[in-house]
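Enquirer: Sharing a structure here in structure tokens format.
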Amino acid sequence: MSEAAPSAPRLRTRFTELLGIEYPVVQGGMMWVGRAELAAAVSEAGGLGIVTALTQPSPAELAREIERTRKLTDKPFGVNLTILPTITPPPYDEYRRAIVDSGVTIVETAGSSPEPHMEFFAEHNVRVIHKCTSVRHAVKAERLGVAAVSIDGFECAGHPGEDDVPGLVLIPAAADALTIPFIASGGFCDGRGLAAALALGADGVNMGTRFLCSAEAPVAESVKQRIIDASELDTRLIFRQLRNTARVARNAVSDEVVRILADGGTFPDVQPLVTGARGRLVFEDGDLDAGIWSVGLSQGLVRDIAPAGDLVRRIVSEAREVTLRMTEHLA
Ligand SMILES: Cc1cc2nc3c(=O)[nH]c(=O)nc-3n(C[C@H](O)[C@H](O)[C@H](O)COP(=O)(O)O)c2cc1C
């Protein structure tokens, strides 16, 4: 599946060298969104696409999704394994097994410490990119032997953690503390962002919201149009009181969840509103008020629905232009 679109300039970093990819642009794991077509489009363009394990209802179906991805690209791609404390946890060890049996050698872990999984992945020559939201967790992950870190600032869609440190400080702080390659995540969506991330000491960027608004994202057009129409003010932080903060789109449901918890409500009071099944309906049916759905501040900068591969090339080309323009100031 090679595309005729113009290629972007070369951009090598420690991250591209580590994984054997052309461009340090990653499509982070996204529940209900990270399927074969999107991951393959990003990888085929030279970035790193990531299939989201738990979007598949069983490990066997994950194996099939990996196979489908491989039919669409022969370039490297990864699988996201999000490990969250839940009442009935999915069979993580079986998903892990499906990943390595399928020959995948890049895994993005997120949600909690990768420690319980490191020995298994090391035995199977899997390079782990651990996504976390603080420098202390990044340093711990480095000590555990991950190959790279993806550090998610306060701007990000999904779980920004509880420290509220935006990328402008988080990224250089991570650069000072880590020795392994790391990518910057949260708020990135264009070449200005990639150039800035590199300037701050990162080896690349990870993006969710930007790829959610790409042609291959398997979500209703109304979701993509809402991202284009929305501004950086149109997200809400829910679950603050529960210390499990999530950044989601501002809508009738997230407004209600914020109100209930601010009025002293507890998780059981909001549970029926925040089920994964309702969030999935937003993406499948396009009813923007059906449930909660993750989106980041960068939606305020997203202006089009573009093929994911074009986005990778465009972002790298823009980053080059931005960097050249900046060096002119120095002349
Ligand atoms: C719709 C959506 C679903 C997401 N689901 C997951 C997930 O299941 N696991 C995960 O580790 N990150 C998830 N994320 C977070 C992204 O991988 C990424 O870290 C984040 O979007 C980066 O911030 P940005 O949106 O500003 O680019 C999700 C993001 C979005 C937009």
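Enquirer: Would you work out if the stretch 166-294 is rounded, prolate or oblate? Take a ≥ b ≥ c from the square roots of the eigenvalues of the alpha-carbon gyration tensor; rounded if a/c is under 1.5, else prolate when a/b is larger than b/c, oblate otherwise.
Expert: Values: a/c = 2.58, a/b = 1.48, b/c = 1.75.
Judged from the Cα gyration tensor, the stretch 166-294 comes out oblate (a/c at least 1.5, b/c at or above a/b).
Enquirer: So, one more: Could you order peptides 141-154, 220-233 by the average number of other Cβ atoms within 10 Å of their residues, highest first?
Expert: Put in order of decreasing packing, that is 141-154, 220-233.
Enquirer: In the chain, with Lys and Arg counted as +1 and Asp and Glu as -1 at Cβ, which of these residues, M30, A60, H124, has the Cα nearest the positive end of the dipole, that is, farthest along it?
Expert: H124
Enquirer: Okay, moving on. Only Lys, Arg, Asp and Glu count, each charged at its Cβ (+1, +1, -1, -1), so figure out the dipole size of the stretch 73-138 about its Cα centre, rounded to 20 debye.
Expert: 260 debye
Enquirer: If you place +1 on the Cβ of every Lys and Arg, -1 on the Cβ of every Asp and Glu, and leave all else neutral, what size is the dipole of the stretch 231-294 about its Cα centre, to the nearest 20 Debye?
Expert: Taking the Cα centre of the stretch 231-294 as origin, the dipole is about 340 debye.
Enquirer: When you count, for each residue, the other Cβ atoms within 10 Å and take the mean per peptide, how do 238-245, 84-91, 189-196 rank with the highest first?
Expert: The packing order, highest mean first, is 189-196, 238-245, 84-91.
Enquirer: Which of rounded, prolate, oblate describes the stretch 1-148, given a ≥ b ≥ c as roots of the alpha-carbon gyration tensor eigenvalues and a/c under 1.5 marking rounded, otherwise prolate only if a/b is larger than b/c?
Expert: Since a/c reaches 1.5 but b/c is at least a/b, the shape of the stretch 1-148 is classed as oblate.
Enquirer: Round to a whole angstrom and tell me the spacing of the C-alpha centers of the stretch 1-62 and the stretch 275-301.
Expert: Taking the Cα centre of each part, the stretch 1-62 and the stretch 275-301 sit 22 Å apart.
Enquirer: Still on this structure, I have one more. How many Å³ per residue does the convex hull of the Cα positions in the stretch 86-182 occupy? The partial results should precede the final answer.
Expert: Working: hull volume 9.9 nm³, N = 97.
For the stretch 86-182, the hull spanned by Cα atoms encloses 103 Å³ per residue.
Enquirer: Restricting to the chain, what percent of DSSP beta bridges are antiparallel, rounded to 5? It would help to have the intermediate numbers written out before the result.
Expert: Values: 6 of 33 bridges.
Antiparallel bridges: around 20 percent, rounded to the nearest 5.
Enquirer: Still on this structure: Tell me the Kirkwood hydrodynamic radius of the stretch 231-294 in angstroms, computed as one over the mean inverse distance between distinct C-alpha pairs.
Expert: Result for the stretch 231-294, one decimal place: 11.7 Å.
Enquirer: Name the residue from V257, L288, F239 whose Cα lies farthest towards the positive end of the charge dipole of the stretch 231-294, charges +1 on Cβ of Lys and Arg and -1 on Cβ of Asp and Glu.
Expert: Towards the positive end, the residue furthest out is F239.
Enquirer: Nothing charged except the Cβ atoms of Lys and Arg (+1) and of Asp and Glu (-1): what's the magnitude of the dipole of the chain about its Cα centre? Round to the nearest 20 debye.
Expert: In total the dipole reaches around 440 debye.
Enquirer: Report, in deg cm²/dmol and to the nearest 500, the calculated mean residue ellipticity at 222 nm for the chain, where each DSSP H run with n ≥ 4 adds -39500 (n - 2.57) and the sum is divided by the residue count.
Expert: Working: 14 runs with 139 residues, N = 331.
Counting only the DSSP helices, I get -12500 deg cm²/dmol.
Enquirer: Run the Debye formula on the Cα coordinates of the chain, all scatterers equal and no solvent, and tell me log10 I(q)/I(0) at q = 0.08, 0.10, 0.14 1/Å.
Expert: So the normalised log intensities are -0.33, -0.53, -1.11.
Only the coordinates and a few stated rules stand behind these numbers; no lab work does. Computed from a prediction, not measured in an experiment: that's the story for all the values here. Here the Cβ is made from the backbone with ideal geometry for all residues, glycine too, and neighbour counts use every protein chain on show.
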